[in-house]
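Taking it in order: structure first as structure tokens, then the write-up.
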Amino acid sequence: MPAAMISVCSHGSCMSQGSAALLSDLEDLSEVLPLKFSQRGCLGLCGQGPNSLLENMPAKAGKPGNQAVNRLDSFSKVLAMVKKFLRAQGAEFAVPEEVLTRARFKSDAMRLLSKSPFRPQHTLDDMQGAIESLSKALDMEDRLIHGSGAITTDRHLSRSRVFDLLLLRGKAWGRLCLAKLNSDTDVEALVTAALHDFGRALLEKPRSFEALVEAAHIYAFSGQTTRAVEFYEKAIDLMKTSGTTHESARLQRRVERLKAGGSIEVDTGDGSGLWKVEEITGVTADTCVYHLRLGRSPGNPHPYPESAWHIQVFLGSTVREYTPISSVSDWEDGSLDLLVKTYPDGTVSRFFGTLRTVQEARDLALQNYAPLEEQNCWVRVSAPLLTLQLPSFSEGGKIVGPVEDLGIIAGGTGIAPALQILSECLPGKSLNCRAVLLYSSRSLQDILMLDELRAIQEASAGQVRVVHTLTAVKDVLQRLQTRCYFSGRHGHFLEDHRPDPPQELTPRVT
Ligand SMILES: Cc1cc2nc3c(=O)[nH]c(=O)nc-3n(C[C@H](O)[C@H](O)[C@H](O)COP(=O)(O)OP(=O)(O)OC[C@H]3O[C@@H](n4cnc5c(N)ncnc54)[C@H](O)[C@@H]3O)c2cc1C
């Protein structure tokens, strides 16, 4: 029969909720108790973590079974779980008080350090609590190393614990100085304290790239670029020899940026480069407007002020086109709004779904030390590109306009180019013509940019008409009630809503 044991979820969500502290408790308790534990993958209870599974627990009748235990977010809950585990096996929970205190000092601090999300005042309190706990833990370890404690520990193990505790306390000092970065407080003393702990940790383990990287973060945040680069480069060398290539490539990019002077906001003049996500507005379940901003206006004027235009978005070597729903003058002011539908299996649109606003990213930067430049709040776009020449259409290189009547058929996010063109149909704008838009959506909830369409209609003095169809609304009465008379049969639209034919030209439907 397989032995009973405690397996701890070490997956992303549980890790961020404190499963490292839970593992630390089990490790400390297993020194004096008959505990078997291991790490495991996701238990499917994300959001209720840290989670663990008591595996092969003896049952009074029947087969041994597994029992999930969740929300193990405090030392006392871990003790309760351990007692339950031991009781089921007829074992006794007998732990010297000093072992409990030693375990608690460390894991309490780890729990405070893993708390998210970052909020300055909470962080100040949490980090002060963590530093207090870790200082007591370090004093205790010192006593144990010098043989004046009740616990007899392996001297080597205790030195390794000193390293862990110093690393944790250095991180807590670091967090504290990040939390105070925007206040008037002098952070210099906090920077010194953090660097002192990382320095001591490196004396314990000179080849620890984790300690080197943590120290480098603090140097970088406190503006000591040369020292930061030196520490990052040492860490990168050590990572390369240990095969941690992914992380070393990320740090290498950071080093290059530090050497280049910092910011990644590039104004190439034509608006191509990285734009930051200022805001994200949800429109439907799978579609959002991403409000992008450039630090300042692009140097050049917009190349296609009177035409339909789009930009390309680059994700690695993948390129996709998007039509801004914001105007040419917005672009010239350094502002670009993209309406993007996320396909769960789409390459670029799924990347949009993972974006953060710059404010969220700033909070994250304070929480995870990675500077804003490395947060997921940037979109690399091209300069504007021509989609369609306005105000006249050309055929075989010959201009066949001006346009008098325009029919547009759009579905889903295809409303983006339709909006651009319709806004040019308004009196006084470049097209200034009659226009009818057939806009096909699945259901009422899926109609995008309804307010904007209504605003255009209102401003057009009858020149622009918008007709909606709902393809997933089957019930005729409901369709009538919602004033949608077509069910995806666009032929009807062409018959009933064909724009009035111009005097001399063949009507053109795009
Ligand atoms: C001029 C222009 C303007 C545009 N404007 C917008 C806009 O404003 N807003 C907007 O949301 N989109 C717009 N698009 C569409 C946009 O460029 C992308 O095509 C869209 O976001 C999907 O890209 P993706 O990388 O997420 O998906 P992709 O990875 O390209 O996949 C899209 C879908 O196709 C499927 N697929 C991919 N490859 C295959 C294959 N080999 N066989 C079968 N199925 C496959 C995927 O599973 C997925 O469902 C525009 C396109 C153009 C050309």
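Scan (1) assigned by TED's automatic domain parsing to the domain that holds residue 373; (2) closer than 23 Å to residue 375 by Cβ for the single condition residue 255 breaks and write down its number.
(1)
Say we look at the stretch 213-228 and pick out the residues that are among the small types (Gly, Ala, Ser) and at pLDDT 90 or above; which of these is farthest from residue 195 (Cα to Cα)?
Going through the qualifying residues, I end up with 228.
Answer with yes or no whether residue 254 is surrounded by fewer than 18 Cβ atoms within 10 Å (Cβ to Cβ), of a type in the set (Lys, Arg) and under 26 Å from the mean Cα position of the chain (by Cα).
For residue 254, the condition - surrounded by fewer than 18 Cβ atoms within 10 Å (Cβ to Cβ), of a type in the set (Lys, Arg) and under 26 Å from the mean Cα position of the chain (by Cα) - is not met.
For residues in the stretch 422-439 being of a type in the set (Gly, Ala, Ser) and modelled with pLDDT under 90, which is surrounded by the most Cβ atoms within 10 Å (Cβ to Cβ)?
It comes out as 430.
Could you check, for the stretch 37-48, whether at least one of its residues is of a type in the set (S, T, N, Q) and over 24 Å from residue 2 (Cα atoms)?
yes
So if I check each of 30, 74, which one is under 33 Å from the mean Cα position of the chain (by Cα), within 30 Å of residue 129 (Cα to Cα) and among the polar types (S, T, N, Q)?
74
Under the condition of being within 15 Å of residue 381 (Cβ to Cβ) and more than 24 Å from the chain's Cα centre (by Cα), which residue from the stretch 305-315 is farthest from the ligand (Cβ to nearest atom)?
Among residues in the stretch 305-315 that are within 15 Å of residue 381 (Cβ to Cβ) and more than 24 Å from the chain's Cα centre (by Cα), the one farthest from the ligand (Cβ to nearest atom) is 309.
Tell me, please, whether a residue that is outside any helix (DSSP H, G or I), in contact (Cβ under 8 Å) with a residue 60 or more places away in the chain and under 25 Å from residue 456 (Cβ atoms) can be found in the stretch 358-376.
no
Taking the conditions exactly as written (more than 21 Å from residue 422 (Cα to Cα) and polar (S, T, N, Q)), does residue 317 satisfy them or not?
It is true that residue 317 is more than 21 Å from residue 422 (Cα to Cα) and polar (S, T, N, Q).
Considering only the stretch 335-345, state which residues are crowded, with 16+ Cβ neighbours inside 10 Å and within 13 Å of the ligand (Cβ to nearest atom).
Correct list: 336, 337, 338, 339, 340, 341, 342.
Could you go through the stretch 316-330 and let me know if any residue there is in the same structural domain as residue 290 (by TED's automatic domain parsing), more than 16 Å from the ligand (Cβ to nearest atom) and either at pLDDT 90 or above or surrounded by fewer than 16 Cβ atoms within 10 Å (Cβ to Cβ) (or both).
Yes.
So, of the residues in the stretch 260-303 that are in a loop (DSSP other than H, G, I, E, B), in the same structural domain as residue 343 (by TED's automatic domain parsing) and under 19 Å from the mean Cα position of the chain (by Cα), which turns out to be modelled with the highest pLDDT?
Per the criteria, the residue is 286.
Collect the residues in the stretch 179-204 that are farther than 17 Å from residue 134 by Cβ and either in contact with a Phe, Trp or Tyr (Cβ under 7 Å, 6 or more places away or on another chain) or modelled with pLDDT under 85 (or both), keeping them in residue-number order.
Once the filter is applied, which keeps residues that are farther than 17 Å from residue 134 by Cβ and either in contact with a Phe, Trp or Tyr (Cβ under 7 Å, 6 or more places away or on another chain) or modelled with pLDDT under 85 (or both), the stretch 179-204 yields 180, 181, 182, 183, 184, 185, 186, 187.
Could you figure out which of (1) within 26 Å of residue 284 (Cα to Cα); (2) more than 16 Å from the ligand (Cβ to nearest atom); (3) modelled with pLDDT under 90 isn't true of residue 451?
(3)
Here's a check for you: in the stretch 50-100, which residue that is in a helix (DSSP H, G or I) and acidic (Asp, Glu) is surrounded by the fewest Cβ atoms within 10 Å (Cβ to Cβ)?
Filtering first and then ranking leaves 97.
Pull up the stretch 1-47, narrow it to residues that are in contact with a Gly (Cβ under 7 Å, 6 or more places away or on another chain) and not in a helix (DSSP H, G or I), then point me to the one that is nearest to residue 93 (Cα to Cα).
9
Taking the condition more than 20 Å from residue 258 (Cα to Cα) and in contact (Cβ under 8 Å) with a residue 60 or more places away in the chain, does residue 323 pass?
Against the criterion (more than 20 Å from residue 258 (Cα to Cα) and in contact (Cβ under 8 Å) with a residue 60 or more places away in the chain), residue 323 qualifies.
The values are calculated or read from the model by the stated rules, or taken from the named source; none is laboratory data. A quick note: this is a predicted structure, and the numbers were derived from the prediction, not measured. In this analysis, Cβ positions are derived from the backbone assuming ideal geometry, glycine residues included, and neighbour counts consider all displayed protein chains.
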